Each structure stands twice: as C-alpha cells, then as structure tokens.
Amino acid sequence: MFVLGSAFLTIFTVITALYVILQFLKKPYLLNHFTMEPIKGKFQQSLSFKGVTIVLLTLCLLVPSTMIQNLIEERQQRSHETIEKISDKWSQSQTLCAPLLIVPYTTTQLDTKNNPYKEEHVLYVTPKNLKITAALTPEERHYGIFKAILYKSNLHFSGNFGDLDKLKIEKSQLHFDKAYIAVGLTDLRGVTQNPSFTVGNKTLETTVGKGSLFSVEGKDERLTPTKTLIVELKNALLADSLAPSFNFDYNMKLNGSSSLNFIPIGQQTSVVIDGQWQSPSFIGSFSPESTIENGHFKATWNILSFNRDIPNTWSDDTPSLRNTSFGVNLIETVNHYQQNMRSAKYSLMFIILTFIVFFFVELFTSKPIHFFQYVLVGIALVLFYSLLLSFSEQVGFSWAYLVASAATISLITVYLYSLIHQKVATLILAGTMILLYSFLYIILQLEDFALLFGSIFLFVILGVIMFVSNKIKLNQTTANPETEA
C-alpha cells in the first residue's frame, strides 16, 4: 500500500504540474490569484481546452490502474505461495499409478566371439482388469487470510493380472522369487497408515521402494519423479500357486491437496470418485460420467486398453505416461482474485464514463468544475479497486463489491453536490454510477455471455452520449462581456 500511495502522490504531482503549464500556455484562462474560480465568462470558451486536459488526466490515471492490476497479481501470487506452504506440511496433489507387476528376468546373448553371456532385464505387466474406488473428504485449512483445500481419501484397488504363461518370455527366464508389485504416487507424506495388499488369501507387507515409476509435471512445468511403494511377492509362492493369473486387493488411506489423479494403467480400468464438494472440476485426458447433487459429487471413468497409449507389457524403460492422467480438482466456487482482475480491466471505461457525466453536468448546470476536482474524482475511481481487493480477502467478493461500490458512489455523489448544490444533477450522477457498478457486477458473474451483454450495454451507452451531446454546440463560445459593452 505504501508503493501504491507513493504512486498516487507521484501521479498527482505530475498532473498538477502539467495543468499549471497548460494554464500558463493558455494565458486568457489563468486563474485569478490561483483560486478555484476561473475568469467569469470564459467557461464555454475553454470547452476544447478542458476536454484535452480531461483526456490527458484519463491517460495519466491508467498508470495507477495498471499498478492496481499488478497489486492483484502480487496478492494472488502470495496466496499461491501460502497454499503451497500449507500443502507442503500436509501433502501435495496426488497422482497414482497402481499397481504394476514387476518381474526380473534373464536372457542369454552372444558376444562378437559367439560366447554366451547373460543380460538382466525387468518385465512390467499391467493388470488385465483394474477397479479403483476413492472416497474423498475435503476440508479447508486456513493460514491468516488465505486458505488451502485439502482432502483425506480412502482408496481401494482391486483386479487381476492376466495369464502370465502367454508372455513372450520363457517361464524359466522369469525370476518369480524376485517379483513384486509397485505402486507409484506423488507424495509419500500423504500415506497415513500402512497399506493393506492381499494376493489370494495372503496379506503382504508394503515397503518404500527405490526409483520412480513415472514423472509428473510440477509447478514449474518440469517433470518430477514420483515415489514408489512395493509389495514383495516371494512369500506368495507366485510361481507355483498363483500362476498363470491371480487376483489382488489393495487398500490405502491417502491425504492430498487440491486434486486427486490416476493413470489408467489397467488394460480395462474403472475409477469411481465421490465426495462432498459443490464445484469439482474433472480434469485430464478422459471425461467421466458425473453427477453433482446437494454438494455431493460422483464421477465414473471406464477406460479400455485402446483408449490409452500404454502397452500391456514392456521391458526395462517405462514408456511415457505424460498427459495420460485424469481425476478431480477441488476448486473454490469463486476465485475473488480472478474477479478482481477482471473488474480492474474495466477501470478505463469507468473513468471515461464518469468524467463524461461530470462534463455534461458542468455544461448543463453552468457550474464549472475545476481540473483539480476531476483529479480527486479520478483517484476515488481508481481506489475503488484497491478497496475491492482488500475487502474481498476478508469477507468475500460479493460483500466486498457492495461495500467498495457503495463507498465510492457515496463519496463522489456527495462531493459533486458540495460543488454544484443541485439535487437533480447529483441524482443523475448517482443513478448513472449505480447503473455502471451494477452492470460490472453482472458482467463478472457471466461467463459465456459476458462479451455479448457488455457489447450491447456499451452500444446503448454510446447512443445515450450521442443523444445528449447533440444538444451541445461544441463550437459555441461566450462573448467577452467587456467586448459586448
């Protein structure tokens, strides 16, 4: 706010200096003893000159208007940083790739001298069928005036791996005693209890593995390797009792923030996510069948093998899984920073239309309004956006808009009445400003029809201005009283 105040002081100084210079260049219209009263009889003669100064003032006010937009971006960035701090202490947004069967195997190769040697490889096998259910419990966590959306989730994975005898690798080369199940996820801090993994009738222990199954796109658009949970299968007698296929069941409690995403690793993948949230956003490469009723949502994805660009099996290097994830994003119903930025972009229109009303009032009432008073009104119009931003961080955008607009309209209306002492003209200004601020609020609530509604409104306003200005002879001047005598 100190920077904003300094900017206003600088702009005010520049505008005042510019006005004084212009007044001295226009000597017939110098102020008597630098008071607020212009030379009598010169009011209409200075219409063009005053119009030019008002235009220059409007252009100068674009500087603090731009600084208001920069302030909004700064506050929004601070909000994002605060949300990241809260998420870092809880858990990041989660993306899961689960589960994969990983089996080491050995092949025999010949070197250049036809001597045999062995190569170690890793075989990745995707589930034939995979069903995932996720029950989300969102909550809001506050830090000062900022808040982050966090969630707790209960995840259940079930499915089966297909006939391992159909692999193009000889069974003797597969090391089932070293086989394991791998589950990839973004942030291990979100795991709140030891996951339960069941193969057949046996419950196996889950441990933290090395390496990464895939990478996710981070905040800086760089790919960040994920963490891996593994379940050793050597005690499950996979090679004897569970081959050629087996079923699995996996339960996990997972915390996260903002969004929960899955990679459709199964050859047939079914995912169901449900939870209490009024405005979920379904994101990613696939669209779900969804219902949202009474603040509760449920989304279902059914993805087949030919819907995703992931092989059923592969060796060694994991294929790119980028841009294959999907899920739900828990977003705020109203992003007041976005609405503040949208409203600030209309500042030029508000300044121009308000100055036009002041100019018409000045003409029709023959009550001159000094340039300095235009400056004060312009500053009040710009400060509306600062009030709107500061109040919206405390009480929400709608209440903040009501308070800021009421304060601005009241201030400018009372100020005009103190200048001209005419109720009708003052009421016209008040009605015009109420109409303008109501129009802006409606525009901010619209999305698809904002451009259409705004264009029609501005067209009507232009027609009104043209009609009113038609009653003014802009080239008319008032004769000098001394000359008439």
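Laboratory data are not the source of any read-out in this text; all were calculated from the coordinates shown. Computed from a predicted structure; not experimentally measured. Using ideal geometry, Cβ is built from the backbone for each residue, glycine included, and neighbour counts are taken over all protein chains shown.
Brief remarks on what is shown
- Highest-first packing order for the peptide set 174-187, 386-399 is 174-187, 386-399, based on the mean count of other beta carbon atoms within 10 Å.
- With the highest mean first, a sort of the peptides 90-96, 202-208, 376-382 on other beta-carbon atoms found within 10 angstrom per residue produces 90-96, 376-382, 202-208.
- For Ile331, distant residues with modelled amide H under 5 Å away: Ser281
- Summing charges over neighbours of His156, with a neighbour being any other residue whose Cβ is under 9 Å away from its Cβ, gives 0 when K and R count +1 and D and E count -1.
- With the convex hull of the Cα atoms taken as the outline of region 322-372, the averaged projected area works out to 7.0 nm².
- Amide H contacts of Thr95 (H built 1.01 Å from N, under 5 Å, at least 5 apart or other chain): Thr186, Asp187, Asn261
- Unit Cα scatterers, Debye sum, region 93-332: log10 I(q)/I(0) for q = 0.09, 0.14, 0.15 Å⁻¹: -0.41, -0.92, -1.04
- Compared with the alpha-carbon gap, the fully stretched path from Val403 to Leu348 is longer by 17.7 nm at 0.36 nm per residue.
- From phi via Karplus (6.51, -1.76, 1.60), per-residue ³J(HN,Hα) for region 359-367 in Hz, x at Gly/Pro: 5, 5, 4, 4, 6, 7, 9, 6, 10
- Inter-part distance where region 93-114 and region 138-158 are each reduced to a Cα centre, Å: 36
- Violating pairs (Cα-Cα greater than 26 angstrom) within the set Lys113/Lys178; Lys89/Lys210; Lys345/Lys367; Lys89/Lys128; Lys171/Lys253; Lys128/Lys253: Lys113/Lys178; Lys345/Lys367; Lys89/Lys128; Lys171/Lys253
- Glu84 paired with Lys147, simple spin-label distance in nm, labels 7 Å along Cα-to-beta-carbon: 2.3
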